[in-house]
Amino acid sequence: MQHKKIERLMLFAEVANALSFTKAADKLDISRGYLSTQIKQLEKELGYSLMIRSTRSIRLTPQGERVAAGMESVAQTLVEIERSAGYENQSLEDDSYYRANAVYSRCVTGLMSAI
């Protein structure tokens, strides 16, 4: 399912940013085991390794670097979408909320197909 892949990519972005499963799991308030399992599943879905793990450190592979950079762009795009749509000032019943979600969905789908 596409939404699970997006979730896994977002989890990977946190690990890539922290270069630590423990720090990322703590920040996300999830277990390290769950996080590790999700990253392994993402790597399986993508067909390549995103990181090189050792007992004490994590290094991103070249593919992992590209995916992490792409996810940083996704995060910046989402912030821009929220600002332009006035998301933080809108109620759930407001039409602009749904338009922003539609734009977000199209944006993420396009970015996902590029990965």
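FYI, it's all coordinate maths here, none of it is from the lab. No experiment lies behind these values; they were computed from the predicted model shown. Cβ placement follows ideal geometry from the backbone for every residue including glycine, while neighbour counts extend to all protein chains displayed.
Remarks
- Remark: pairs (first residue in the stretch 45-73, in contact (Cβ under 8 Å) with a residue 12 or more places away in the chain; second residue loosely packed, with under 11 Cβ neighbours inside 10 Å; Cβ separation under 9 Å; 6+ apart in sequence or on different chains) = Gly70/Ala114.
- Test: residue in the stretch 1-19 that is under 12 Å from the mean Cα position of the chain (by Cα) and aromatic (Phe, Trp, Tyr): yes
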